[in-house]
1. Considering only residues that are in contact (Cβ under 8 Å) with a residue 24 or more places away in the chain, surrounded by fewer than 17 Cβ atoms within 10 Å (Cβ to Cβ) and in a loop (DSSP other than H, G, I, E, B), look in region 115-133 and name the one that is nearest to the ligand (Cβ to nearest atom).
2. Considering only region 213-239, state which residues are under 19 Å from the mean Cα position of the chain (by Cα) and part of a helix (DSSP H, G or I).
3. For region 155-177, does any single residue satisfy the condition of being basic (Lys, Arg), over 20 Å from Val10 (Cβ atoms), surrounded by fewer than 19 Cβ atoms within 10 Å (Cβ to Cβ) and more than 13 Å from the ligand (Cβ to nearest atom)?
4. Restricting attention to region 178-214, report how many residues are among the aromatic types (Phe, Trp, Tyr) and surrounded by 22 or more Cβ atoms within 10 Å (Cβ to Cβ).
5. How many residues does region 28-66 hold that are part of a helix (DSSP H, G or I), modelled with pLDDT of 95 or more, touching a helix residue (DSSP H, G or I) at 6+ places or on another chain (Cβ under 9 Å) and aliphatic (A, V, I, L, M)?
6. Being within 16 Å of the ligand (Cβ to nearest atom), surrounded by fewer than 18 Cβ atoms within 10 Å (Cβ to Cβ) and over 21 Å from Ser120 (Cβ atoms) narrows it down to one of Ala23, Ala33, Ala18, Ala14, so name that one.
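The values are calculated or read from the model by the stated rules, or taken from the named source; none is laboratory data. Remember, it's a predicted structure, so these values are computed and weren't measured experimentally. Counting neighbours? That spans all protein chains shown, and the Cβs are built from the backbone with ideal geometry, glycine included.
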Amino acid sequence: MGGSILKRFVPFVALDVASEHQAEELLDQLAVAEKPIIKIGMELFYSFGPSIVKMVQDRGFDVFLDLKLHDIPNTVKRAMTAIGKMGVSFTTIHAAGGNEMLKAGREGLDEGAQAAGVKSAKLLAITQLTSIDETILHEQQHVDISLIESVQSYAQLAQNTGMDGVICSAQELSAIRRVTDDGFLCITPGIRPTIKHDDDQKRVVTPAQARELGSNGIVVGRPITRSDNPVQAYLDIKQAFMEE
Ligand SMILES: O=c1ccn([C@@H]2O[C@H](COP(=O)(O)O)[C@@H](O)[C@H]2O)c(=O)[nH]1
């Protein structure tokens, strides 16, 4: 475990905007610099459905479809089959759904991709959302192990059920790497250019810290989408994350 050369993706851009027009504008701006993988989340998908995925793909971007499935195994399998057919590169499921649900999700995703003749997406399990901290975990969820133990245990479950990796905070990377194999992906949202921030994210690191801690890829939304100059914001974050 550990020791191999770390695979690193350029930052995933979370396209959390309200309209198709805003999404297209941002993609056109980014495309001038390069074409990072675009994360489509609940806001755009629930507003516009699969056509938003196609719009992004038609512009030449790979898609990370982040719908965080969490339901009974049969429902998750059938939903994942539909996602598998869309030809996206990454998608997500909640580790808290358990062993059976995770395996069903994997099966559905692979079956959908096979039926459509496309490559199956990398399936990432959400461990603990980066908006959760120890206080919420203990006082609201009544979990009596530490946040890091919870994330570590979900990462093991994810690996044992055929997930390609997890979503976590970069703060938990060394704990996860201790119990998972080389090549297991750790993709990390909760990224802010400076640690001082004023929003819903609780477990936050900078792009440079994410690199130092060994993240395979950072997910960045508002620091790019709400910037006056989204392309420059993307390039600055990319440089801080990728440079050796
Ligand atoms: O634990 C998680 C899982 C997913 N996300 C998603 O990442 C982006 C982060 O956006 P920011 O604007 O940079 O906070 C967003 O789409 C979340 O749904 C996460 O933040 N934490």
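1. Ser131
2. Passing the criteria: Leu213, Arg222, Pro223, Ile224, Thr225, Tyr234, Ile237, Lys238.
3. Keep residues of region 155-177 that are basic (Lys, Arg), which gives 177.
Then drop every residue that is not over 20 Å from Val10 (Cβ atoms), which leaves 177.
Then drop every residue that is not surrounded by fewer than 19 Cβ atoms within 10 Å (Cβ to Cβ), which leaves none.
The answer is no; no qualifying residue exists.
4. From region 178-214, those among the aromatic types (Phe, Trp, Tyr) are 184; that's our starting set.
Checking which are surrounded by 22 or more Cβ atoms within 10 Å (Cβ to Cβ) leaves us with none.
Looking only at that region, the number is 0.
5. Matching residues across region 28-66 total 6.
6. Working: Ala23 fails: surrounded by fewer than 18 Cβ atoms within 10 Å (Cβ to Cβ); Ala33 fails: within 16 Å of the ligand (Cβ to nearest atom); Ala14 fails: surrounded by fewer than 18 Cβ atoms within 10 Å (Cβ to Cβ).
The match here is Ala18.
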